[in-house]
1. For Ala214, are the conditions met, namely being touching a residue at least 60 places away in the same chain (Cβ under 8 Å) and within 30 Å of Tyr47 (Cα to Cα)?
2. For the stretch 371-387, which positions are surrounded by 15 or more Cβ atoms within 10 Å (Cβ to Cβ), closer than 15 Å to Val470 by Cβ and out of contact with any Ser or Thr (no Cβ under 8 Å at 6 or more places or on another chain)?
3. Looking for something exposed (fewer than 15 other Cβ atoms within 10 Å of the Cβ), of a type outside the set (Asp, Glu) and part of a helix (DSSP H, G or I) - is there at least one such residue anywhere in the stretch 351-364?
4. Filter the stretch 394-452 for residues that are among the acidic types (Asp, Glu) and either without any contact (Cβ under 8 Å) to a residue 40 or more places away in the chain or within 24 Å of Glu229 (Cβ to Cβ) (or both) and give the result.
5. Could you tell me whether the stretch 278-295 includes any residue that is among the acidic types (Asp, Glu), crowded, with 17+ Cβ neighbours inside 10 Å and either in contact (Cβ under 8 Å) with a residue 24 or more places away in the chain or more than 30 Å from Leu519 (Cβ to Cβ) (or both)?
6. Looking only at the stretch 443-452, decide whether some residue is among the hydrophobic types (A, V, I, L, M, F, W, C), part of a helix (DSSP H, G or I) and either assigned by TED's automatic domain parsing to the domain that holds Asp250 or within 23 Å of the chain's Cα centre (by Cα) (or both).
7. What's the total number of residues in the stretch 513-527 that are among the acidic types (Asp, Glu) and either outside any strand (DSSP E or B) or outside the structural domain of Met457 (by TED's automatic domain parsing) (or both)?
8. Of the residues Asp190, Asp165, only one is assigned by TED's automatic domain parsing to the domain that holds Thr33 and in contact with a Leu (Cβ under 7 Å, 6 or more places away or on another chain); which?
Amino acid sequence: MKALSALLGLALAVVPSVPAQAGRHDGGVVRHTDLGTISGSHSGRTYEWLGIPYAQPPVGALRWHAPVPHHGWTGVRDTTAYGDGCIQQGRLFSPAPSGPHYGLDIRDGLGKPVGAEDCLTLNVYRPATTRKRLPVIVFIHGGSNVVGYSADPMYDGNTLARRADAVVVTVNYRLGSFGWLDLPQLKTGDPVNDSGNFGTLDQIEALRFVHRNAAAFGGDPANVTAMGESAGAVNVWALMVSPLAEGLIDKVIPLSGGLLFTTGERARTYADALVTAAVGDSGDRDEDVRRLRQLPAADVIRAQVTRGAAVGDPPAVIADGTVLPTDYHAALRTGRFAGIPVLAGNTLEEGKLFGGLVGAYRPSDYDRFTRQYFADPDTPSRYGADDFLNDRYLPVDAPGGWNETAQQLTDAIFTGIAADSMDSMQAAGNRNLYHYRFGWNQEPKPFDVVYGASHAMDLPFVFGTFDRGVFRFAFSRRNAPGRLQLSGAMIDSIATFVRTGRPPRDVLGTRWDQWPRSLLLDAGDRTATAASGPARRNPPA
């Protein structure tokens, strides 16, 4: 224990701040943070700094421990390459086994441990100008809190930073059973550390780094917007109500997610079963957990995969009473969050990305990824809907077909928690609540009916990242005029929101009213459109 205390005491020492200005002859890419000096790269009309460590590697004694601020470094640290994604079970939105990039070899990591335990880094993008006090957007990736990585090319922040004239930050955080694990044998007596919310605490530590160092990148620490999608949106809502994040967030953009906490009882039940799956049950739980702590990280993930086959993904975002309130409705009713503007969004066909939950997809994930990877959006596909969907869901527009089933998934997984979260904020007195529905489904056949306006399909529009990543098959020369216009309107709306707390009053000729009204954003091949309507009603097919 003395050795551990000494280690933690050393880790908490932070290098003193250095004035935040770049040298005259460094091309604008050398910046001074309170952890040390870094050198990034000049990418066209933007600057970027990649793989900046914001906390000590969560390994050894720091596994299943609250993040510890990074020691800092001497000299100039090169920040021109992404850091590793956090270790996880390989899925379609995971990094490749060979590193934090998107490539065909992602399929070789499916179902296997990929990423690294040493992964707590973030990336910063900004316009290649001398402008200061820019709004800051901190993006938290999705992936059910079990997969994902900030180096996913879909989250490349260069275009968003340039078009929104903002500083964009993307963050890695611990995932799955490394990010959220509530075991009695891990308790230290510190309520924060004992919360089990290690992934949430990573995100808070990243926000603290941003708050301390925003000015070094020309950002305004008093204007920070937390943006996230899917599990990232769940995390953004959680951060908003966390007392530990107070003063670190000024606005939020949660996309396809809502307030959704796990009870401590459920988290502890899962954690106990994970120990058994990983090391067995010797009858001495303290000894079992000691062995768990010493396991290679890949073996912990393999045990997580074993448990997943029986009970699903590890529970995440734990209502512990310290990091997160045990009752978020009660927390909202205090009115403390009524002044935080919210711009939320959902896609019309969220559920079409989750066919695996109901056995809808015909090919394996390996084959589906391969077909999509090699698909040329400008060449007619040799595949039809029946090559991707099982017979029971065809025709897609028949009763019980894929469209109806996907709508049921959309309502069951996404629509309810988003509406509940927005309604709770409105009831608490928040008068800056805005929502969009994303309806773009102009993919080349058969992807227009297999995926359509699926979960996460709005992200390439938000980031302007159409030419690479898992959805590259969707974006053709034919649909470029309409989708580029739609993407421009979405980025412009974000740019206005992060500055004013409200989206533009008029988007594509349509007034954007507050919740419970919603703005439907869509586009044909040639032109983007918008229509105002009730948030809970989808337009006719």
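The values are calculated or read from the model by the stated rules, or taken from the named source; none is laboratory data. Owing to the predicted nature of the structure, the values given are computational and were not obtained by experimental measurement. Here Cβ is always computed from backbone atoms with ideal geometry, including for glycine, and neighbour counts include all displayed protein chains.
1. Considered against the rule, which asks whether it is touching a residue at least 60 places away in the same chain (Cβ under 8 Å) and within 30 Å of Tyr47 (Cα to Cα), Ala214 comes out as yes.
2. Once the filter is applied, which keeps residues that are surrounded by 15 or more Cβ atoms within 10 Å (Cβ to Cβ), closer than 15 Å to Val470 by Cβ and out of contact with any Ser or Thr (no Cβ under 8 Å at 6 or more places or on another chain), the stretch 371-387 yields Arg371, Gln372, Tyr373.
3. Looking only at the stretch 351-364, we keep the residues that are exposed (fewer than 15 other Cβ atoms within 10 Å of the Cβ), and these are 356-357, 359, 364.
Retained after the next criterion (residues that are of a type outside the set (Asp, Glu)): 356-357, 359, 364.
Going one step further and asking which of them are part of a helix (DSSP H, G or I), we end up with 356-357.
Yes, some residue in the stretch 351-364 is exposed (fewer than 15 other Cβ atoms within 10 Å of the Cβ), of a type outside the set (Asp, Glu) and part of a helix (DSSP H, G or I).
4. Filtering the stretch 394-452 down to residues among the acidic types (Asp, Glu) leaves 397, 404, 411, 420, 423, 443, 448.
Residues satisfying the conditions are Glu404, Asp411, Asp420, Asp423, Glu443, Asp448.
5. Among the residues of the stretch 278-295, at least one is among the acidic types (Asp, Glu), crowded, with 17+ Cβ neighbours inside 10 Å and either in contact (Cβ under 8 Å) with a residue 24 or more places away in the chain or more than 30 Å from Leu519 (Cβ to Cβ) (or both), which makes the answer yes.
6. no
7. Counting residues in the stretch 513-527 that are among the acidic types (Asp, Glu) and either outside any strand (DSSP E or B) or outside the structural domain of Met457 (by TED's automatic domain parsing) (or both) gives 2.
8. Asp165
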